[in-house]
Amino acid sequence: MELKIPKHIAIIMDGNGRWAKNKGKIRLEGHRAGAANLERILEESIKLGVKYLTVYAFSTENWKRPEMEVKGLMELFSGFLSSKKKTMKKQGIKLLVTGSKEGVSDSLLKKIEETEKYLENENNIVFNIAFNYGGRKEITDAINKILADEKREPGKPVTEEEVAKYMYRPDIPDPELVIRTSGEFRISNFLLWEIAYSEFYITDKYWPDFDEKELEKAILSFNKRDRRY
Ligand code: FPP
């Protein structure tokens, strides 16, 4: 039987901290290893023919982490954009960064915008980084945009299709498969609207250890599901 490759895979990259702790390293080392692993999984996703890969890099709740860790994550993300943009172009990666701008420094916002522009015409895969992202915030933002639309008839009931149109990325199809590493059975405010019918795959592996073989296992498990909606 031919393997069905999900068109859109979304990943909660959890366990960097525990990975580092187990190795007697600081948490930031875990995030660095996580960023390196992301490159590996991105490359493998292209090889497999995945068309959209969404990863949860920083949530709206992550600001509450110790200042040093937040700073480290911002620098890691910024460094990732600068150092990988040329490679991403060669690989045909269209980059999107999805989330709120609130609290993000002007210099990082500028870098995000420039990198997205640099890669806007690539079409091997859409690599969507959820950064300063919160699912509830996305839905709340959608409601506020609907309310602010002056062309809308006041008091007209809102439909599901209309809400979907006001999500951050209305052109990206909903994920068929959501993967969470490090064994937690939680959604942590990730893509609340978009995962209504997604299949879930949870593994005990920490994110830096989630390699190509593990991705294959997740896809095999997805293939065994009977998707009924
Ligand atoms: C969760 O692990 C992971 C994060 C909050 C950050 C994810 C970031 C990366 C994988 C690297 C940076 C991303 C890019 C795009 C360069 P955790 O810290 O909650 O781990 P723990 O639960 O074991 O403490």
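Under Stokes-Einstein, with the Kirkwood radius over Cα pairs as Rh, the value for region 160-229 at 10 °C and 1.306 mPa s is 117 µm²/s. One quarter of the surface of the convex hull around the alpha-carbon atoms of the chain equals 14.0 nm², the direction-averaged projected area. Protection proxy ranking of 192-203, 160-171, by the mean of other Cβ atoms within 10 Å over each peptide's residues and highest first, is 192-203, 160-171. With protein chains left intact and a 1.4 Å probe, residues in region 59-186 average 59 Å² of accessible area per residue.
Diffusion coefficient (Stokes-Einstein, Kirkwood radius over C-alpha pairs, 37 °C, 0.692 mPa s) for region 154-200: 261 µm²/s, rounded to a whole number.
Of the residues 95, 59, 76, the one whose Cα sits farthest towards the positive end of the charge dipole of region 31-183 is 76 (charges of +1 on Lys and Arg Cβ, -1 on Asp and Glu Cβ, taken about the Cα centre). Label-to-label distance for residue 149 and residue 64 is 3.3 nm, based on points extended 7 Å past Cα in the beta-carbon direction.
Estimated at 0.36 nm per residue, the fully extended path between residue 139 and residue 123 surpasses their Cα-Cα distance by 3.0 nm. For the chain, give the percent of accessible area contributed by carbon and sulfur heavy atoms, probe 1.4 Å, rounded to a whole number. Of all accessible area on the chain, carbon and sulfur atoms account for 51 percent.
Projected over every direction and averaged, the convex hull enclosing the alpha-carbon atoms of region 1-51 yields 4.4 nm². Charged neighbours of residue 158, selected by a Cβ distance under 15 Å, balance to -1 (K, R count +1; D, E count -1).
The protection proxy used here, the mean number of other Cβ atoms lying within 10 Å of each residue, ranks peptides 144-157, 211-224, 126-139, 98-111 as follows, highest first: 126-139, 211-224, 98-111, 144-157. What net charge is computed for the residues neighbouring residue 196, neighbours being all others with C-beta under 11 Å from the C-beta of residue 196, Lys and Arg scored +1, Asp and Glu -1? Every neighbour counted, the sum reads -3. The fraction of Cα-Cα pairs per 5 angstrom bin, counted from 0 for region 50-163, comes to 2, 10, 18, 19, 16, 14, 11, 7, 3, 1 percent, rounded to whole percents.
For the set 85/151; 110/213; 4/205; 165/224; 21/64; 111/151, the pairs lying more than 28 angstrom apart at their alpha carbons are 85/151; 110/213; 165/224; 111/151.
With all pairs of separate Cα atoms included, region 180-221 yields a Kirkwood hydrodynamic radius of 11.3 Å.
If one puts a single equal scatterer on every Cα of region 110-160 and applies the Debye formula without solvent, what log₁₀ I(q)/I(0) results at q = 0.15, 0.25, 0.26 Å⁻¹? Per q value, in the given order, log10 I(q)/I(0) is -0.70, -0.95, -0.98.
The values are calculated or read from the model by the stated rules, or taken from the named source; none is laboratory data. These numbers were taken from a predicted model, which means no experiment stands behind them. Please note: Cβ atoms are built from the backbone with ideal geometry, for glycine as well, and neighbour counts cover all protein chains shown. These accessible areas exclude ligands, DNA and RNA; they are computed on the full protein's heavy atoms, side chains included. Shrake-Rupley method; radii C 1.70, N 1.55, O 1.52, S 1.80 Å.
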